[in-house]
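Enquirer: The structure follows.
Please treat every number below as a calculation from the coordinates, not as lab data. As the structure is a prediction and not an experimental result, all values here were calculated from the model. Cβ: placed from backbone, ideal geometry, glycine included. Neighbour counts: every protein chain shown.
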Amino acid sequence: MSTIQSELDLSYGLRYQDVKIPEAYERLILDTYVAWEIFTPLLHSIDDGQLKPISYEPGSRGPAEADELLAKAGYVQTHGYIWIPPTLA
């Protein structure tokens, strides 16, 4: 195997001529708008009492229900990850 030297081309205007690429702040505003559309109904459901958030210990891995949901979906953790709770000062 050998490597080939190439030029780093970041001139998106030339490479993607038919694509509208938003500026950074425009992208941020678009992402915020999408998040707003997703989370506003969820927050209204919580406020209306239709949905109850699951509490868990701060600094922990999260609620046990999250692990149960992963197990139901067939997720099997195969690496040797061990949770070490952070030391909160």
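Enquirer: Just in region 8-45: which GluC sites (Glu not before Pro) are loop by DSSP and have at most 16 other Cβ atoms within 10 Å? Intermediate values should be presented prior to the final figure.
Expert: Values: sites: GLU23, GLU26, GLU37; in loops: GLU23.
The qualifying sites are GLU23.
Enquirer: Would you kindly derive the ³J(HN,Hα) couplings of region 40-45 from the backbone phi angles with the Karplus curve 6.51 cos²θ - 1.76 cosθ + 1.60 (θ = phi - 60°), listing them in order in whole Hz, with x for Gly and Pro?
Expert: 4, x, 5, 5, 5, 5
Enquirer: For region 12-55, what log10 I(q)/I(0) values come out of the Debye formula at q = 0.18, 0.21 1/Å, with one point per alpha carbon and no solvent?
Expert: Rounded to two decimals, the profile gives -0.66, -0.75.
Enquirer: Show me the chymotrypsin sites (Phe, Trp or Tyr not before Pro) within the chain that DSSP assigns to loop and that have at most 10 other Cβ atoms within 10 Å of their Cβ. Write down the numbers at each step before the final one.
Expert: On the way: sites: TYR12, TYR16, TYR25, TYR33, TRP36, PHE39, TYR56, TYR75, TYR81, TRP83; in loops: TYR16, TYR56, TYR75, TYR81, TRP83.
Sites meeting the loop and neighbour criteria: TYR16, TYR75, TYR81, TRP83.
Enquirer: Still on this structure, I have one more. Across region 55-65, in residue order, what do the Karplus-derived ³J(HN,Hα) couplings come to in whole Hz, using 6.51 cos²θ - 1.76 cosθ + 1.60 with θ = phi - 60° and x for Gly and Pro?
Expert: With coefficients 6.51, -1.76 and 1.60, one gets 7, 7, 5, x, x, 8, 6, x, x, 4, 4 Hz.
Enquirer: Enumerate the calculated ³J(HN,Hα) couplings along region 16-31 in order (Karplus 6.51 cos²θ - 1.76 cosθ + 1.60, θ = phi - 60°), each rounded to whole Hz, writing x wherever the residue is Gly or Pro.
Expert: Whole-Hz 3J(HN,Hα) from phi for region 16-31: 10, 5, 9, 10, 7, 9, x, 5, 4, 5, 5, 4, 4, 5, 4, 5.
Enquirer: Let me ask something else. Please state, rounded to one decimal and in Å, the Kirkwood hydrodynamic radius that the chain gives when every pair of distinct Cα atoms enters the mean of 1/r.
Expert: Numbers: mean 1/r = 0.0521 Å⁻¹.
For the chain, inverting the mean 1/r across all distinct Cα pairs yields 19.2 Å.
Enquirer: To continue, here is another question. For TYR16 and ALA35, compute 0.36 nm times the residue count separating them, minus their Cα-Cα distance, and round to one decimal in nm.
Expert: Extending this stretch completely gives an extra 4.2 nm.
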